1. Does at least one position in the stretch A:126-146 carry a residue that is over 18 Å from residue A:74 (Cβ atoms), in a helix (DSSP H, G or I) and within 16 Å of DNA strand B (Cβ to nearest atom)?
2. Residues A:73, A:94: which one is in contact with a strand residue (DSSP E or B) (Cβ under 6 Å, 6 or more places away or on another chain) and loosely packed, with under 14 Cβ neighbours inside 10 Å?
3. Give the residue, chosen from A:182, A:206, that is loosely packed, with under 15 Cβ neighbours inside 10 Å, within 16 Å of DNA strand B (Cβ to nearest atom) and free of Cβ contacts under 8 Å to residues at least 24 places away in the same chain.
4. Which number in (1) in contact (Cβ under 8 Å) with a residue 12 or more places away in the chain; (2) in contact with a strand residue (DSSP E or B) (Cβ under 9 Å, 6 or more places away or on another chain); (3) more than 27 Å from residue A:177 (Cα to Cα); (4) more than 16 Å from DNA strand B (Cβ to nearest atom) marks the one condition that residue A:23 misses?
5. Keeping to the stretch A:105-115, report how many residues are surrounded by 15 or more Cβ atoms within 10 Å (Cβ to Cβ) and more than 10 Å from DNA strand B (Cβ to nearest atom).
6. I'm checking my understanding of the structure. Among residues of the stretch A:10-19 that are without any contact (Cβ under 8 Å) to a residue 40 or more places away in the chain and assigned to a helix (DSSP H, G or I), which one is farthest from DNA strand B (Cβ to nearest atom)?
7. Please work out if residue A:118 is touching a residue at least 60 places away in the same chain (Cβ under 8 Å), closer than 27 Å to residue A:214 by Cβ and either crowded, with 24+ Cβ neighbours inside 10 Å or more than 10 Å from DNA strand B (Cβ to nearest atom) (or both).
8. If residue A:68 meets every condition in (1) away from DNA strand B (no atom under 14 Å from the Cβ); (2) in a strand (DSSP E or B); (3) closer than 30 Å to residue A:163 by Cβ apart from one, which number is that one?
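All of the numbers you see were taken from the coordinates with simple rules; none came from a lab. These numbers were taken from a predicted model, which means no experiment stands behind them. Note: ideal-geometry Cβ built from the backbone for every residue, glycine included; neighbour counts use all protein chains shown.
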DNA sequence: ATGCCGGCCAGAGGCCGA
């Protein structure tokens, strides 16, 4: 089965591109971030027309996440990240699909740093680690995927110097991400591309796409049960160059039977 | 560069992102 993640940057504005990608690559599970849609205006019927069932957690204007599954209804397990009842951002949803637990996350950006938004990011990462420890303890096949808004290492960015003051690559952000890996989770794309140089995001501004000025912030973290079955992982880079594209490209991992 | 681009809501232009 193919598990994919795509920060879509507006599900309504991107719908033709999204339908195109689903039909062309046909992932078993597609996790979306930044749907920028309220729950009542999520275009579920458009996905059902091409055989995908969905669950989603939206809000007005920004954020928002969804899980699409090919031919089956995702069984919702959680629609918020535990640990802070005052956090109302739509950034987390979790479901079972064909016996695999899927968590779809949109981790806070954290800019500008330092400041309250950066503090929120780091607190969110602590809460995520706690939730992932709960999932780990269940010993189920599990994938935690999405826009982590963390550039894990210098090899994951076109220019470490240009991004040095950005929240995405601060030592605290990286340390929090590294703790997830130290807990035993497998970064699918990094494992199969250990030399780096793989990007998942290119800014709309300053000619970042034509200059290939990108970085890797969309990640697929696998429990041991899935990591052992991983056969391939990659980035659908070409979609970043199409008309009305998101600023992210889809990422995916292939899991064998 | 406190911007650049672009979506959202709203119905102009500010908020948000990375």
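1. Checked against the condition, which is being over 18 Å from residue A:74 (Cβ atoms), in a helix (DSSP H, G or I) and within 16 Å of DNA strand B (Cβ to nearest atom), the stretch A:126-146 yields at least one hit.
2. The match here is A:73.
3. Answer to the check: A:206.
4. In the conditions (1) in contact (Cβ under 8 Å) with a residue 12 or more places away in the chain; (2) in contact with a strand residue (DSSP E or B) (Cβ under 9 Å, 6 or more places away or on another chain); (3) more than 27 Å from residue A:177 (Cα to Cα); (4) more than 16 Å from DNA strand B (Cβ to nearest atom), residue A:23 misses (2) alone.
5. The number of residues fulfilling the criteria is 2.
6. Out of the qualifying residues, it is A:19.
7. Spelling it out, it is not the case that residue A:118 is touching a residue at least 60 places away in the same chain (Cβ under 8 Å), closer than 27 Å to residue A:214 by Cβ and either crowded, with 24+ Cβ neighbours inside 10 Å or more than 10 Å from DNA strand B (Cβ to nearest atom) (or both).
8. Condition not satisfied by residue A:68: (3).
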